[in-house]
Amino acid sequence: MSDGSPVELVLRSTRVITPEGTRAASVAVAAGKITAVLAHDATVPAGARLEDFGDDVLLPGLVDTHVHVNDPGRTEWEGFWTATRAAAAGGITTLVDMPLNSLPPTTTADHLRTKRDVARTKAHVDVGFWGGALPDNVKDLRPLHDAGVFGFKAFLSPSGVEEFPELDQEQLARSLAEIAGFGGLLIVHAEDPHHLAAAPQRSGRKYADFLASRPRDAEDTAIANLVAQAARLDARVHVLHLSSSDALPLIAAARREGVRVTAETCPHYLTLTAEEVPDGASEFKCCPPIREAANQDLLWQALADGTIDCVVTDHSPSTADLKTDDFATAWGGISGLQLSLPAVWTEARKRGHTLEDVVRWMSSRTAELVGLDDRKGAVAVGRDADFAVLAPDETFTVDPAALQHRNRVTAYAGRTLHGVVRSTWLRGERVMADGEFTAPAGRLLSRRR
């Protein structure tokens with residue numbers, strides 16, 4: 001059963017999601033690693049503890065590569081303690097923190113050290129870090145890469161915080177050339193500022209007015225420009241939080257031509273629609289915006305055919321007072337760490353998708369995106385023993401008071417979702433069970449070198 005350390009733990013379920021499919025199995029764990037995936041009735045070695053989950057599903061812990069923790073500097077918005085508890089409550093065992101909304105932003109190696117020092121004793125799950133690409137920090141990109149960030153985030157339109165300005169096309173070219181030179185990854189908030197400036201801007205409570213202010217062609221043009229730059233430089237790029245289905249043919253065509261571009265979307269684009277957003281309900285505000293139901297259908301098709309690679313939360317909290325009823329001025333961001341798995345699963349099962357699909361989108365492919373697929377993202381020998389135990393057919397009604405993130409504002413309040421996360425495991429240790437948490441056991445992760 002083991003190729004070294006003695007087996008300490010066996011996790012058993014009639015439904016274990018493995019890369020080869022779902023089957024009844026027993027999973028052996030030693031020294032925090034999966035050492036064997038065996039028959040369901042395999043003999044438990046002497047001295048090993050058995051955890052039998054019956055018909056609950058054992059799946060690999062989710063890997064969320066798009067999270068705004070805001071720590072240090074804006075911990076009244078969120079923080080590593082609360083964000084990672086919310087992640088554990090939702091079956092997420094690894095997250096990668098975005099470089100902005102913290103003070104300082106993660107734009108130099110010194111700033112990365114500051115953030116790591118803050119996170120070190122607070123992480124209930126494993127945490128990695130993105131660096132930031134700004135107009136004036138090209139010289140800092142290689143040192144950040146060498147310090148272990150998983151890639152670099154850039155905005156092509158204003159970010160919403162003054163300490164993280166956007167790149168124009170010339171600045172994008174300089175940063176991307178530098179990043180391509182050392183084989184790095186640029187991840188991009190792709191909305192074109194000229195299209196945004198030309199769109200109608202109206203203050204007030206009407207969601208339709210906010211939607212009109214963030215048109216699809218802003219995304220489409222920015223993605224087209226990004227793809228062109230990536231093709232010219234043979235650079236690797238990733239489109240963040242894709243909302244516009246109109247950009248899908250462009251991404252698919254670029255891939256056919258050999259451009260190294262990947263794309264993600266988010267639970268809120270897959271489960272919420274513009275038609276159902278109440279006026280004044282800025283808990284639904286994000287940028288780019290939640291679009292129409294017909295647009296959502298095309299995003300699901302793109303997930304099914306592989307044009308969209310993965311699903312991540314873009315967890316972007318703020319204090320409740322910033323979520324005013326004026327869509328023009330309210331903070332744009334949706335907090336989704338704890339609810340992402342049940343939200344996506346609820347809609348996926350309606351559309352004929354399986355939990356294997358959800359695991360592929362939210363664990364395997366996200367791990368691959370950041371080069372953690374040798375450690376994370378699968379129930380397979382040699383991977384970290386990170387798991388979520390899910391009761392997929394059980395339902396619950398979202399109560400904001402039960403959420404673990406710091407400011408319990410949610411677009412899902414009152415919704416009934418399928419999929420109850422019973423427990424979450426990190427390197428063979430149970431870190432959450434039925435809403436109860438152990439002391440922080442997460443590690444800080446660096447890019448594979």
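Taken together, the values in this text are just the output of simple stated rules run on the coordinates, not laboratory data. Worth saying up front: this structure is predicted, and the values here are computed from it rather than measured. Positions of Cβ are backbone-derived with ideal geometry, glycine not excepted, and every protein chain shown enters the neighbour counts.
If packing is taken as the average count of other Cβ atoms within 10 Å, what order do 119-127, 253-261, 227-235, 68-76 fall into, highest mean first?
Averaged packing, sorted descending, gives the order 119-127, 68-76, 227-235, 253-261.
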How far is helix 109-119 tilted off the main Cα axis of the chain, in degrees rounded to 10, range 0 to 90? 50 degrees
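For Y207, Y412, what ranking results if the residue with the fewest other Cβ atoms within 10 Å of its Cβ goes first?
Details: Y207 22, Y412 25.
Going from least to most buried by this count: Y207, Y412.
Over 23 Å between Cα atoms: which of K153/K323; K206/K285; K33/K115; K350/K376 fall into that group? List each step's numbers first, then the result.
Working: K153/K323 25 Å; K206/K285 11 Å; K33/K115 27 Å; K350/K376 28 Å.
Checking Cα-Cα distances, K153/K323; K33/K115; K350/K376 exceed 23 Å.
When the helices in the chain are scored as -39500 (n - 2.57) per DSSP H run of 4 or longer and the sum is shared across all residues, what 222 nm value do you end up with, to the nearest 500 deg cm²/dmol?
Working: 13 runs with 123 residues, N = 449.
Estimated from H runs of four or more residues: -8000 deg cm²/dmol.
Could you work out Rg/(2.2 N^0.38 Å) for the stretch 372-414, with Rg from alpha carbons only? Please list the in-between numbers first.
Numbers: Rg = 15.7 Å, N = 43, 2.2 N^0.38 = 9.2 Å.
Rg over 2.2 N^0.38 Å, computed on Cα atoms: 1.71.
Report the net charge of residues surrounding H353, where surrounding means a beta-carbon distance below 12 angstrom and charges are Lys +1, Arg +1, Asp -1, Glu -1.
Values: positive: R349, K350, R351, R360; negative: E347, E356, D357.
That sum, taken over residues with Cβ under 12 Å, equals +1.
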Of the residues V277, C287, T438, the Cα lying farthest along the dipole of the chain towards its positive end, which is defined by charges on the beta carbon of Lys, Arg, Asp and Glu, belongs to T438
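In debye, nearest 20: dipole of the stretch 99-154 around its Cα centre with unit charges on the Cβ of K, R (+) and D, E (-)?
120 debye
Under 1.5 on a/c is rounded, so check that first for the stretch 60-369, then, if it is not, pick prolate when a/b is larger than b/c and oblate when it is not; a ≥ b ≥ c are the square roots of the alpha carbon gyration tensor eigenvalues. List each step's numbers first, then the result.
Working: a/c = 1.18, a/b = 1.10, b/c = 1.08.
Rounded is the answer for the stretch 60-369, as its axis ratio a/c remains below 1.5.
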Which percent, nearest 5, of DSSP beta bridges in the chain are antiparallel? 50 percent
Build a GNM of the chain with springs between Cα atoms under 10 Å: which of C287, C310, C266 gets the top mean-square fluctuation? C287
For T313, T319, T366, what's the fewest-to-most ordering of other Cβ within 10 Å of each Cβ? T319, T366, T313
Give the Rg (one decimal place) followed by the Dmax (whole number) of the stretch 1-140, computed from C-alpha coordinates and expressed in Å. 19.5, 60
Compute the Cα gyration tensor for the stretch 1-58, then decide on rounded, prolate or oblate, letting a ≥ b ≥ c be the square roots of its eigenvalues: rounded whenever a/c is under 1.5, prolate when a/b is larger than b/c in the other cases, and oblate in all that remain. prolate
Go ahead and run the numbers for FRET between E276 and T121, Cβ-Cβ distance against an R0 of 45 Å, rounding to 0.05. 0.65
